[in-house]
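Bear in mind these aren't lab numbers, they're just calculated from the coordinates by the rules spelled out. In this text the structure is predicted, and so the values were computed from the model without any measurement. Cβ placement follows ideal geometry from the backbone for every residue including glycine, while neighbour counts extend to all protein chains displayed.
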Amino acid sequence: MQFLILGLLIHGPLSAYEVRKRFTADISLFYSASLGSIQRALGMLDSQGWATKQVFSGPGRPKHLYAITESGREAWRDWMLSPITESDAEQGALAKVYLLGSMAPEDRAEVVTLLRRRTTADLERLTALRIEIDATPIPEPFRDVARFRRATLDYGVRAHELMARWLDELRFA
């Protein structure tokens, strides 16, 4: 979540409530976060030196705005250009594509290439698993159970095939 927030801060300072609005409006399609988790992430970004907190007084409650620092920009760029290693590769890929427009145009193709590479590796792994499962005899009493378990594997294969085509479209558009 920290890198998603840094990607939002690239375009200017935001309060925790404004970050939450962005999560609710757009990012919640692939990543959900509570206001409390956003506030904790902003606090961590501040303590790491990747963002600074500025307090503005005025009528009503003081407003806390967070701005990205230069080291935060560098950390965000490094994350964007790194391979996805987390177990939820789809969520990581969608986060990076969501933020891709904030990258320098010359770096975008590299990000998409890294995402495509991970998708290809995962698709190859799932396809090999499908071949292995299909070659395993299933006793009659377990065929219904196996059929629905196999259906979830089919979904994973199809989702990765779709992601591969989608990333190719992004890369060549």
Original post:
Just how far, in whole angstrom, is the stretch 24-75 from the stretch 138-173 if you go by their alpha carbon centroids?
Top reply: 37
Subject >> Amide H within-cut-off set for ALA51, under 5 Å, with H built and near neighbours excluded >> reply: ASP46, THR69
**OP:** Please build a GNM for the chain, connecting alpha carbons under 10 Å apart, and tell me which residue among THR85, THR24, THR136 fluctuates the most.
**Re:** THR136
Subject >> For the stretch 1-41, the spread of Cα positions along each principal axis, largest first, Å >> reply: 22, 18, 16
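What's the longest bit of the chain with no exposed chymotrypsin sites (Phe, Trp or Tyr not before Pro), using DSSP loop states and at most 16 other Cβ atoms within 10 Å as the test? Don't jump to the answer; show the numbers that get you there.
On the way: sites that count: PHE30, TYR31.
Answer - 32-173.
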Original post:
Given a Förster radius of 35 Å and the C-beta distance between LYS63 and GLU106 as r, what FRET efficiency does 1/(1 + (r/R0)^6) yield to the nearest 0.05?
Top reply: 0.45
**OP:** Run a plain Debye calculation on the stretch 43-173 (Cα atoms as equal point scatterers, no solvent) and give log10 I(q)/I(0) at q = 0.13, 0.14, 0.21, 0.23 Å⁻¹, rounded to two decimals, same order as the q list.
**Re:** -0.72, -0.78, -1.17, -1.29
